[in-house]
Structure formats: C-alpha cells, structure tokens
Amino acid sequence: MNTRNVSLDIMEFVEQNILPRYAMFDKAHNLSHVNSVIKRSLTLALTIGADIDMAYVIAAYHDLGLDGPRAIHHITGGKILASDARLRRWFSPEQIKIMREAVEDHRASASHAPRSIYGKIVAEADRDISPETVFRRTVQYGLAHYPEMSEEEHWARFAEHMDNKYSSHGYIKLWIQNSPNQKSLNDIRNIINDPEALRREFDKYFHEERQ
C-alpha cells in the first residue's frame, strides 16, 4: 500500500489502535477490506488533490460502526470518529466534522450525494466492484449471517441482492467521474442480465467458500 504521503504518527496510531478492530468483522469487512479501501482512497485523494491524512483516517474508520447494527453502521461509524478525542491532536474541529460526515455518507444505499469530496472519495473507494470481489463478498456475507439457509435459499438471496444493488435500476451510485469502478459495474450488469451466467458465478464462489 502506498502510504508514503500519510503523516507517520497518524499512520502509526491508526495501525496500532484502529485497524486491529476489523479482525472481529466478517470476511466482507475484515482487515483486507479496510486496507483496500485505504489504498483506493489514497489513490483518489492524490489524483484529486485532497488532504491525504483526512482521506486516510476516514477510510480507516469507515466501517467501525459494524460493532453495532449494520443498518446504521455508517451513522455509528461517524459518531465513533467524531468522539475519538485522540484525533484532535492532528485535526481541527471543522476537519473532524467533515470526516464524520464522510463516514456517514459512505454507504452505497445513501439517498443523497456525499456532502464533501471526502465523502465521495470513501464512498467510491468502498466500492471494490470488480465482479469477482462483488460476487465473492456477497456469498461470504450470506454464509456468515445466514448459516441455516440451504444452497437454493442462498442463491435466491444472492440474485435478489445483485438486482437490488448492482442492476441498471439498483441503488448503487458512483460519485467520481470516470472512476475505474464504472467499467466494473458495467461488467457486473452484463452478467446480471444473463441469469445463467449469474448462476454460474454464484455456484463457483459458493462452492469455493463452503470448502
């Protein structure tokens, strides 16, 4: 991960105190996931010219709200960031407010556009929507949270989620123009439009994750 532009003391704090908290989350939201979001956030921040330290901390905190109810994890995560007095060492109250709002705005199902460029950065970075990642994470989440389901029930849940979130009428939004995610989203939509191809993708990752 290219973190050479992040302040070393901020990076040390985050790596020691924040990132280890992701070890308790499911496979779709674990340490690998948050590191990927950090990497993509830094790349976007460098491209846009945003504050690197702010983008780094926002990405690091963005899913900490999964400690509580998933439906409001973005709100909970914003509160966790805003209430962490240790961040006042590096950031002003206005910066912390912007970072809290960015965490609140990162969720894919949000009904409004992120309120700042930092919200757009983390929202975009959180969408690793390469087809393999999307399909595998959806299967992983189902297995982790609904272990009692049969394979056909998992397939029904998987197909419904793909339609609700990633199809041409799905709720996912991309906020940064010409993002690499746009091609990936188009690839996913082509597969969704072919039910047999979508079932093959489900079968592949379901059987791999069940092993």
Which percent of the accessible heavy-atom area of region 29-86 goes to carbon and sulfur, probe 1.4 angstrom?
58
Protection proxy (average C-beta count within 10 Å per residue), highest first, orders 146-153, 46-53, 76-83 as 76-83, 46-53, 146-153
Net charge of Cβ neighbours under 10 Å - reference TRP90; Lys, Arg +1; Asp, Glu -1:
+1
Summed residue charge, Cβ within 14 Å of HIS154's Cβ, Lys/Arg positive, Asp/Glu negative:
-3
Read phi for every residue in region 192-203 and hand back ³J(HN,Hα) as whole Hz from Karplus 6.51 cos²θ - 1.76 cosθ + 1.60, θ = phi - 60°, with x for Gly and Pro.
4, 6, 10, x, 5, 5, 5, 5, 5, 5, 4, 4
Ranking request for peptides 15-22, 86-93: highest mean number of other beta-carbon atoms within 10 Å first, then the rest in descending order.
15-22, 86-93
Span per principal axis, largest first, for the Cα atoms of the chain (Å):
53, 35, 30
Hey, what angle do you get for helix 93-104 against the long axis of the chain, alpha-carbon based, 0 to 90 degrees rounded to 10?
0
Cα-Cα over 24 Å, subset of LYS39/LYS183; LYS27/LYS165; LYS39/LYS120; LYS97/LYS183; LYS97/LYS120
LYS97/LYS183
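The values are calculated or read from the model by the stated rules, or taken from the named source; none is laboratory data. Quick caveat: nothing in here was measured; it's all calculated off a predicted structure. Counting neighbours? That spans all protein chains shown, and the Cβs are built from the backbone with ideal geometry, glycine included. Note: accessible area is taken over every heavy atom of the protein model, side chains too, but ligands, DNA and RNA are not part of it. Shrake-Rupley method; radii C 1.70, N 1.55, O 1.52, S 1.80 Å.
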